[in-house]
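Some notes on the structure that comes next.
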Amino acid sequence: MESLQNLFQTLVKMKWSDYLDIVVVAFIIYKLLPLLRTPHIMRITRTVVGLLVLAWLTDEVGMYTVAWILNQILAVGLIAFVILYQPELRRMLDHLGSVKFGRFFMAAKPIQETETVILQTVMACEAMSRERVGALIVFSREQNLDEYYKTGTVIDAQVSEQLLRNIFFPKASLHDGAVIIREDRVAAAGCVLPLSNSHLISADLGTRHRAGIGMSEASDAVVVIVSEETGTISVAIGGMLKRHLAPQTLEKLLRKELMPEQEEKPKKLLGKLKKGADKNENK
């Protein structure tokens, strides 16, 4: 009871600036946490936290020799740490430097625009899957992916089924690269993505899938892949690949990842668009 009284007295003594300070810090942490979920950054975090916990435990239980060794490693190991994890640290700094902090204080973009982008993408992937046309579509989220955007051809066009199918048409000049979609628009096409070096990737997956997985490892992007050989639709997120997706499953997954705060509607808008397209064809 006494602790609650002390807490109440502390809250009463706080100024309005203290409350504002807490809210701003909490908001920034909330926005930055998703940026630290990429596999490379998580590997660095686990290493640092593991060493600190081990050093604390050995000191607490009286293992002074081991504790001394760990303290020496922590004292002089910064240089070695930077050398060993140079690629991961560089990517982490690139990620943090590419974050669009202006978004933190901007109003959310209209949900209807994102819905349209998802539906047009799903329709294009369904058609390309049926026709065995390979595709690699990257949805940019918090990180702006400028490093990869600059490797392609600037498009800056509205997302549509016809545009995506034309870009990935086998005889088109940009069909071998990736399309990057950001701010609900096709930003660039023919982009070069980093290949994954993971040994866990199935041997039957080619360069397109390795590029999609590599992009999801290096960023927070959502990558949609259509296999040229089998027509299989896959999605790579956080270094993990989800394969053999039906168009309806792809739609649900993209809604979940790109519109996390929006509840799914019981009636699928994809069906509406298809019905409208069928009516136009029958006219």
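The values are calculated or read from the model by the stated rules, or taken from the named source; none is laboratory data. The structure displayed is predicted, hence computed values, not measured ones. Every residue, glycine as well, gets a Cβ built from its backbone with ideal geometry; the counts of neighbours run over all protein chains shown. Protein only, heavy atoms only, side chains kept; ligands, DNA and RNA dropped before computing areas. Shrake-Rupley method; radii C 1.70, N 1.55, O 1.52, S 1.80 Å.
A few remarks follow.
- Counting protein heavy atoms only, region 126-209 has 49 percent of its accessible area on carbon and sulfur, 1.4 angstrom probe.
- Stretchable slack from LYS242 to ARG185, in nm (0.36 nm times residue separation minus alpha-carbon distance): 18.1 nm
- Since only TYR148, SER219, ILE233 are under comparison, the one whose Cα sits farthest along the positive direction of the charge dipole of region 135-268, derived from C-beta charges on Lys, Arg, Asp and Glu, is ILE233.
- Taking 0.36 nm per residue of separation and subtracting the Cα-Cα distance, full extension of the segment from THR151 to ASN166 would add 3.4 nm.
- Spacing of the two label points (7 Å from each Cα toward its C-beta) at VAL53 and LYS13, in nm: 3.6
- Per-residue Karplus couplings for region 56-64, computed as 6.51 cos²θ - 1.76 cosθ + 1.60 with θ equal to phi - 60°, are listed in order as 5, 5, 5, 6, 5, 7, x, 7, 5 Hz, Gly and Pro entered as x.
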